[in-house]
Amino acid sequence: MLFSGHLAAGLIIGSLTGDYSAAILGSVVMDSDHLITYFKHGILLKPKKFFQAVFSDDLYHEDRNYFHSLFVAVPVMAILIFFFGHFGIVFSMGYATHLLFDSFDSSYFYPFYPKKKVNIQGFLPYASRWELLLTSFLLIGFLVTLIV
């Protein structure tokens, strides 16, 4: 899912819990692992190739790596909840939602990375109008949480 969809999910969680910073951090910071792949392939400082990779359907089949792995996600969430209580719970809600939403799109998603036996590819074409429609519904959902 694109950044905008994860951000919208974080806004909803933030609105429901009252902790926007933890919710938004948890829902978007995980995509920083894409930068590892972009660095590895030498496109981090090449704007045209960088944006091509960002909006492609996982050009290198490894964009979602360590932070998208349950081997990292579960311990991170457990540690944050143990040491930071409410912040950790809200952050973990954002993180879990991030992983769930990434399983909806067609990009490669290895939940047990670096092991690549299990690959989840969802029903929504990546960066498609369908994904943008889902993001729109999430934004409407966020607005509803502000009114209610």
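Between a residue in the range 57-68 that is within 14 Å of D102 (Cα to Cα) and any residue that is modelled with pLDDT under 70 and part of a loop (DSSP other than H, G, I, E, B), which pairs come within a Cβ distance under 8 Å, given they are 6 or more apart or on different chains? Matching pairs, first to second residue: R64/D58. Taking the criterion of being among the polar types (S, T, N, Q) and in contact with a helix residue (DSSP H, G or I) (Cβ under 9 Å, 6 or more places away or on another chain), the only residue of the range 46-68 that qualifies is N65.
Of the residues making up the range 80-136, those that are farther than 16 Å from G5 by Cβ, out of contact with any helix residue (DSSP H, G or I) (no Cβ under 9 Å at 6 or more places or on another chain) and of a type outside the set (D, E, K, R) are F83, G85, Y108, V118, N119, Q121.
Note on the range 38-62: residues that are in a helix (DSSP H, G or I) and of a type in the set (S, T, Y) amount to 1. Of all residues in the range 97-115, those that are within 15 Å of E62 (Cα to Cα) have Cβ atoms under 7 Å from Cβ atoms of residues that are basic (K, R), 6 or more apart or on another chain, in D102/R64; S107/R64; Y108/R64; F109/R64; Y110/R64; Y110/K116.
Return the residue satisfying two criteria in turn: it lies in the range 57-88 and is at pLDDT 95 or above and among the aromatic types (F, W, Y), and of such residues it is nearest to the chain's Cα centre (by Cα). Step by step, filter the range 57-88, then rank; the result is F71. Hey, can you tell me all the residues within the range 71-96 that are over 19 Å from A9 (Cα atoms) and either touching a Gly at 6+ places or on another chain (Cβ under 6 Å) or among the aliphatic types (A, V, I, L, M) (or both)? Matches in the range 71-96: V72, V74, V76, A78, I79, L80, I81. Looking at the range 44-54, can you tell me whether even one residue there is within 19 Å of E131 (Cα to Cα), free of Cβ contacts under 8 Å to residues at least 40 places away in the same chain, hydrophobic (A, V, I, L, M, F, W, C) and surrounded by 14 or more Cβ atoms within 10 Å (Cβ to Cβ)? Among the residues of the range 44-54, at least one is within 19 Å of E131 (Cα to Cα), free of Cβ contacts under 8 Å to residues at least 40 places away in the same chain, hydrophobic (A, V, I, L, M, F, W, C) and surrounded by 14 or more Cβ atoms within 10 Å (Cβ to Cβ), which makes the answer yes.
This table checks each residue for (1) in contact with an Asp or Glu (Cβ under 7 Å, 6 or more places away or on another chain); (2) surrounded by fewer than 20 Cβ atoms within 10 Å (Cβ to Cβ); (3) not aromatic (F, W, Y).
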position	(1), (2), (3)
H98	no, no, yes
S106	yes, yes, yes
F109	yes, no, no
P114	no, yes, yes
S128	no, yes, yes
L133	no, yes, yes
L143	no, yes, yes
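Among residues of the range 101-145 being in contact with a His (Cβ under 7 Å, 6 or more places away or on another chain) and not in a loop (DSSP other than H, G, I, E, B), the one that is nearest to F55 (Cα to Cα) is D102. You will find that of L7, L35, L25, the residue that is within 16 Å of the chain's Cα centre (by Cα), at pLDDT below 95 and part of a helix (DSSP H, G or I) is L35 and no other.
Only one of the numbered conditions (1) surrounded by fewer than 18 Cβ atoms within 10 Å (Cβ to Cβ); (2) among the β-branched types (V, I, T); (3) under 26 Å from S21 (Cβ atoms); (4) in contact (Cβ under 8 Å) with a residue 12 or more places away in the chain is not met by I120, and that is (3).
The values are calculated or read from the model by the stated rules, or taken from the named source; none is laboratory data. Bear in mind the structure is a predicted one, so any value in this text is a computation, not a measurement. Don't worry about glycine lacking a Cβ; one is built from the backbone with ideal geometry, like all the others, and counts go over all protein chains shown.
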